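What follows is a short report on a single structure.
The values are calculated or read from the model by the stated rules, or taken from the named source; none is laboratory data. Just so we're clear, the structure is a prediction, and the values are computed from it rather than from any experiment. Here the Cβ positions follow ideal geometry from the backbone for every residue, glycine too, while neighbour counts run over all protein chains shown.
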Amino acid sequence: MEPLVPPFVPVLIAALLLPFLGRKAGHAVAAALTGAVVPYVWLVDAGAHFTAFDLFGFETVIFNVDPFSTLMGLIFAFIGAVGVAYSYYSEAENLQTAFALSYVASSLGAVFGGDWLT
């Protein structure tokens, strides 16, 4: 499967939207976006990558897939999806869940970063 966006993007969008939506709608959107990352990470072929832009004269690779990054991406995405469900049922505040999702998004970004600069 050819990747469309790096997997941290949907989780980051969920984290940014969550504080501004109601409890049910916010958690539903967050669960859907974070849950969609799990099969997405699973289906992206090893060797897929994105080069985004030049930074300080270097080409940045914001998405690079290998077998280890796939494994770690699946773990982080699954934990994020389960975390959203737990957050809803434990009646955690939306802002607290948004911060947790920003951590998941940054973890996915780090796992799939293709070079030391990104």
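Points worth noting:
- Exactly one residue out of 70, 34, 97, 51 is of a type outside the set (A, V, I, L, M), closer than 19 Å to residue 109 by Cβ, in a helix (DSSP H, G or I) and in contact with a Ser or Thr (Cβ under 9 Å, 6 or more places away or on another chain): that is 97.
- When residues of segment 47-83 are limited to those that are at pLDDT 75 or above and of a type in the set (Asp, Glu), the one surrounded by the most Cβ atoms within 10 Å (Cβ to Cβ): 66
- Candidates are the residues of segment 84-93 that are part of a helix (DSSP H, G or I) and either surrounded by fewer than 19 Cβ atoms within 10 Å (Cβ to Cβ) or β-branched (Val, Ile, Thr) (or both); the one that is nearest to the chain's Cα centre (by Cα) is 84.
- Those residues of segment 14-31 which are assigned to a helix (DSSP H, G or I) and surrounded by 14 or more Cβ atoms within 10 Å (Cβ to Cβ), in sequence order: 14, 15, 17, 18, 19, 23, 26, 27, 28, 29, 30, 31
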